[in-house]
Amino acid sequence: MATSNGICVMPIFNKEAIYAIQPKIIATKINNISFPVKQQYDLNKDQKNVVFDLAGIDLTGHFKKFQYKINSGAWYPISGNLLNLVLVGGKNEIQIRALDENFHISKNTIKVKINIAIPFYEYITFWLAVVLIIVTALFGLFYYLKVSKLKRQREEQNALNNQRLKITADLHDDLGASLSSLQIN
């Protein structure tokens with residue numbers, strides 16, 4: 001093999017030692033407050049800003065950069081050694097991997113699970129309950145208006161029947177009195 005320092009002989013079966021870059025999280029901050037480095041975090045609904053300080057352990061000196069992805073999304077490059085994320089509520093799985101200068105992907109991947117509490121008004125069951133209450137209220141209002149209309153119609157019918165009975169009674173009394181006076185005459 002010819003090199004800049006001269007000629008050197010290499011064995012045919014010489015294998016290059018390949019070292020996998022070990023990505024490591026060395027510090028974690030959530031809402032600018034330091035937290036211990038863990039595999040899983042359970043956070044409140046307002047703890048959405050997460051910062052990871054990363055380091056890559058590489059014995060060959062070929063370490064280049066990191067990549068990350070959230071849940072099953074695409075891989076995104078990380079510039080520098082800080083990963084600053086603003087996460088959504090619910091379950092988030094963050095994966096971090098390293099790349100060398102030749103863009104070979106490290107087999108070692110960091111997985112961090114972050115569960116952020118979801119406010120009650122963001123649950124679908126809350127909105128289903130609200131819709132159910134509104135629909136029930138509308139049906140109740142419709143039923144009340146229908147019953148009120150039927151009651152008013154019934155009262156009008158009863159008033160009309162009472163007036164007919166009164167007229168009939170008055171006619172009967174007047175007719176009876178007229179017949180009595182004719183008989184006397």
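The stretch between LYS113 and ALA27, if pulled fully straight at 0.36 nm per residue, gains 29.4 nm over its current Cα-Cα span. What the phi angles of the range 29-40 give under the Karplus curve with 6.51, -1.76 and 1.60, with θ = phi - 60°, is a coupling list of 10, 10, 6, 6, 10, 5, 10, x, 6, 9, 8, 8 Hz, glycine and proline written as x. Working note: 222 nm ellipticity from helices only, DSSP H runs with n ≥ 4, each -39,500 (n - 2.57), summed and divided by the residues of the chain, gives -12500 deg cm²/dmol to the nearest 500. The share of accessible area on the range 85-150 that comes from carbon and sulfur is 71 percent, using a 1.4 angstrom probe.
Normalised per residue, the accessible area of the range 44-146 is 68 Å², obtained with a 1.4 Å probe and no contribution from ligands, DNA or RNA.
For the chain, the longest principal axis of the C-alpha atoms and the axis of helix 124-184 are separated by about 0°. Between the C-alpha center of the range 95-136 and that of the range 19-62 there is a gap of 18 Å. For the range 1-111, the alpha carbon convex hull comes to 135 Å³ per residue, rounded to a whole number.
Go through THR28, ALA98, PHE63 and say which Cα lies farthest out towards the positive end of the charge dipole of the chain; charges sit on Cβ, +1 for Lys and Arg, -1 for Asp and Glu. So the residue we want is PHE63. Rounded to the nearest 20, the size of the Cβ-charge dipole of the range 115-177 about its Cα centre is 140 debye, with Lys and Arg at +1 and Asp and Glu at -1.
Dipole size of the chain about its Cα centre, with +1 on Lys/Arg Cβ and -1 on Asp/Glu Cβ: approximately 420 debye, rounded to the nearest 20.
Convert 10 °C to kelvin, take the viscosity as 1.306 mPa s, use the Kirkwood radius over C-alpha pairs of the range 79-178 as Rh, and evaluate the Stokes-Einstein diffusion coefficient in µm²/s, rounded to a whole number.
Values: Rh = 22.1 Å.
Translational diffusion coefficient: 72 µm²/s.
Label-to-label distance for ASN44 and LEU150 is 5.4 nm, based on points extended 7 Å past Cα in the beta-carbon direction.
What number, in percent, do you get for the relative contact order of the chain if the mean sequence gap of Cα pairs under 8 Å and at least 6 apart is divided by its residue count?
Once normalised by length, the contact order is 18 percent.
The values are calculated or read from the model by the stated rules, or taken from the named source; none is laboratory data. Just so we're clear, the structure is a prediction, and the values are computed from it rather than from any experiment. Using ideal geometry, Cβ is built from the backbone for each residue, glycine included, and neighbour counts are taken over all protein chains shown. What goes into the accessible areas is simple: the full protein's heavy atoms, side chains included, and nothing from ligands, DNA or RNA. Shrake-Rupley method; radii C 1.70, N 1.55, O 1.52, S 1.80 Å.
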